[in-house]
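Read through the structure below, which is laid out as structure tokens, and then see the notes.
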Amino acid sequence: MTGNKGKRLNQYVSDYVVFDLETTGVRPDADEIIEISAIRVRGHEAVDQFSTLVNPGRHIPAAATRVNHITDDMVADAPELPEALEDFLEFAGKDILVGHNIQSFDLKFICNAAMRVRGSEVENDYIDTLHMARKCLPELSHHKLSDVAAYFHISTAGAHRALNDCVMNQQSYEEMGKILKQRQGTQPEVLCPKCGAEMVKRKSMYGEFYGCSNFPRCRGTKKI
């Protein structure tokens, strides 16, 4: 992941920052962030929040507006990316970052923006609740944030606005964390000896082994 030095965790932690972005499109190298929101959690309880629209300095495509309902007029007086990004990174500090599909989407935007604006990497470890949902809720046919929230009877009202998605995801993470904690009570988690991330069972021509869930960034292995 460009500009990110943190590792992906699959843990139920009590202190973290859940965040979400809205953007002009899906390409981190070509599209722009237009909203950043985050919620700080301590002891499993939300204690503070951050939210700002971001002026991308360009027209917001109609396709993006149809999804997130953010218009050019709404961001006209909003801070530009350098200010908004610095405020968000200050809010997040060194906390573990939690978000849905952040490994493939949100973190790529944040990391690219950090390299472009600050010339520095993002070092926070992170928990992607999409991966967590696939592990905790294999019975679901789809694992979009709205699917996970609906499973736990969490309101999906206002989906695709960043702060609303943060609220939805924080509540979903707490519910999935209870499932993860219960399962780990009967099946202790195996951690990578190199980076400390969760290890998963894999197969090779020589049989089963534990491989790091951060592969290919980490190639740690362990015998079963």
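Read the figures in this text as sums done on the coordinates, not as results from a lab. Everything numeric here is computed off the predicted structure, so don't read it as measured data. Here Cβ is always computed from backbone atoms with ideal geometry, including for glycine, and neighbour counts include all displayed protein chains.
Starting from the Cα of residue 201, draw a straight line to each of the lysines and keep only those under 16 Å, dropping any in the same chain fewer than 8 residues away.
Within the straight-line limit of under 16 Å, residue 201 reaches these lysines: 135, 222, 223.
Based on the Cβ-Cβ distance of residue 26 and residue 157, what FRET efficiency does E = 1/(1 + (r/R0)^6) give at R0 = 25 Å, to the nearest 0.05?
0.55
Do you know the relative contact order of the chain, to the nearest whole percent, from alpha carbon pairs under 8 angstrom that are 6+ apart?
RCO, the chain: 23 percent.
Can you list which of the GluC sites (Glu not before Pro) found in segment 37-138 are DSSP loop residues with at most 15 other C-beta atoms within 10 Å?
Answer in residue order: 121, 123.
Segment 58-83 to segment 108-147: how many Å between their Cα centroids?
Here the two parts' Cα centres lie 22 Å apart.
In degrees from 0 to 90, rounded to the nearest 10, what is the angle of the helix 81-92 Cα long axis to the longest principal axis of the chain?
So the inclination is approximately 40 degrees.
Quote the relative contact order of segment 111-175 in percent (integer), defining contacts as alpha-carbon pairs under 8 Å separated by 6+ residues.
Relative contact order of segment 111-175: 22 percent.
Please list, by residue number, every one of the trypsin sites (Lys or Arg not before Pro) in segment 16-97 that is coil in DSSP and has at most 16 other beta-carbon atoms within 10 Å.
Of the trypsin sites (Lys or Arg not before Pro), the ones in loops of segment 16-97 whose Cβ has at most 16 other Cβ atoms within 10 Å are 58, 94.
Who wins for biggest fluctuation among 210, 126, 12 in a Gaussian network model of the chain, springs between alpha carbons below 10 Å?
Taking springs between Cα atoms under 10 Å, the residue moving most is 210.
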